[in-house]
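Okay, so here's the structure we're looking at.
The values are calculated or read from the model by the stated rules, or taken from the named source; none is laboratory data. Being a predicted model, the structure only gives us computed values, none of them experimental. Positions of Cβ are generated from backbone atoms using ideal geometry, with glycine treated the same way; all protein chains shown enter the neighbour counts. Each accessible area value is taken on the protein alone, full model and side chains, heavy atoms only, with ligands, DNA and RNA left out. Shrake-Rupley method; radii C 1.70, N 1.55, O 1.52, S 1.80 Å.
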Amino acid sequence: MIVAEKTIFRVHASILSRQSSRMSSILKERASSDVHEGLPVVTVDDSSHDFKHVLYILYDPNGFE
């Protein structure tokens with residue numbers, strides 16, 4: 001799970017890591033001992049609005065050609 005502002009995004013780390021080496025680094029570096037619903041929580045500094053758009057790009061990179 002990734003938290004941006006007060007929004008929780010339930011995402012697949014493997015998909016994000018495969019699509020972005022930077023996102024892979026963030027997931028590894030910022031993995032905390034925080035757990036929500038049994039899943040690790042990573043907090044990012046981005047706004048939830050901006051992070052939502054990052055997820056659109058990472059989940060469907062062909063949609064932004």
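A few comments on the model shown:
- Scan of the range 6-37 for residues that are more than 23 Å from residue 60 (Cα to Cα) and either modelled with pLDDT of 85 or more or β-branched (Val, Ile, Thr) (or both), ordered by number: 6, 35, 37
- Among the residues of the range 27-53, those identified as part of a strand (DSSP E or B) and either more than 16 Å from residue 13 (Cα to Cα) or open to solvent by less than 80 Å² (accessible area, probe 1.4 Å) (or both) are 36, 39, 40, 42, 43, 44.
- Test: residue 24 is without any contact (Cβ under 8 Å) to a residue 24 or more places away in the chain and not in a helix (DSSP H, G or I): no
- Residues satisfying the stated conditions in the range 1-17, i.e. among the hydrophobic types (A, V, I, L, M, F, W, C) and touching a residue at least 24 places away in the same chain (Cβ under 8 Å): 1, 2, 3, 4, 8, 9, 11, 15, 16
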